[in-house]
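Here's the structure, in C-alpha cells; my notes come after.
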Amino acid sequence: VSTSNDSFAIGQGYLTGGNVRLDLHSATSGVGCLVRFANDHNDDAYIGLAGDTTGDLLIYGGQDKIQIKPQGSAAVELYYGDTIQAQTTADGFGFFNNCTFSDNKIAKFGDSNDLQIYHDGTDSIIDNNTGNLNLVCDSTQAINLRHGSENMLRAITDGAVELYFDNSKKLETYSHG
C-alpha cells in the first residue's frame, strides 16, 4: 500500500516458517530508514530498524520522547530528554549521573549477592556476607571514616593509623610502634 503522494509505502513481508513482518520504508528507493515490526511465533515480537538504516530508534509519547540509541556491537544508550543517562558497555552498564535507590532498595554485588549496600530509611548499611571487606586506595591516599566533617578514623597509606574522639586525635601508630 502506498500513500497518495507515493513517498511512503507499507508492505507486508514474511519470514521463514510462517513468521510475519511489517516493513515501513521509503517507497521511492527501497532504502534508507526502514522500520520493521515482526512476530516470530515463538512468543517474541520485534520493533526495530532494519536494512541499511543508520539512524536512531526514537519513541515518542505526545511531546516527550524516549531515546534508545543503538551504538553498534549491541551497545545501547538511554536518555532522559536529550541527556544521556546510562549506556551498556562490553563489561557492564555505565551511568552518567546519579544512580538513585529508594529506601530498602538494595544494590547487590557478586554471583550470590554477597555484598549489599542500602539505606533502610534510618541507617545506611554495607552488608558483606563473604570473605573480607577491603577498602582500597592508591599509594598516595588515606582511608577516612568521618561523621560529617568530624574525623573518627584515618588509615594513611604506608603510614599511621589514627583514632579520634570528638574530632580530636587520641591514638596514633608510628613506624616504631
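Any read-out appearing in this document is the output of simple, stated calculations on the displayed coordinates, not a laboratory observation. What you are looking at is a predicted structure, and each value in this text was computed from that prediction instead of being measured. As a convention, Cβ positions derive from the backbone with ideal geometry for all residues, glycine included, and neighbour counts pool all protein chains shown.
One table, with the values for the structure above:
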{"item": "Under Karplus coefficients 6.51, -1.76 and 1.60, residue-wise ³J(HN,Hα) of segment 76-85 in Hz, glycine/proline x", "result": "9, 10, 10, 10, 10, x, 9, 10, 5, 10"}
{"item": "At most 11 other Cβ within 10 Å, DSSP loop - chymotrypsin sites (Phe, Trp or Tyr not before Pro), segment 126-174", "result": "Y174"}
{"item": "FRET E, pair L24, N98, Förster distance 45 Å, beta-carbon r, rounded to 0.05", "result": "0.75"}
{"item": "Neighbour net charge for K105 - beta-carbon separation under 14 angstrom, K R +1, D E -1", "result": "-2"}
{"item": "Stretch gain in nm, segment D166-I117, where the contour uses 0.36 nm per residue and the Cα spacing is subtracted", "result": "14.9 nm"}
{"item": "Positive minus negative residues near I143 (Lys, Arg vs Asp, Glu; Cβ under 14 Å)", "result": "-1"}
{"item": "Distant-in-sequence amide H partners of I84 (H built 1.01 Å from N, under 5 Å)", "result": "none"}
{"item": "Environment charge at T130 (Cβ cut-off 11 Å; Lys +1, Arg +1, Asp -1, Glu -1)", "result": "-3"}
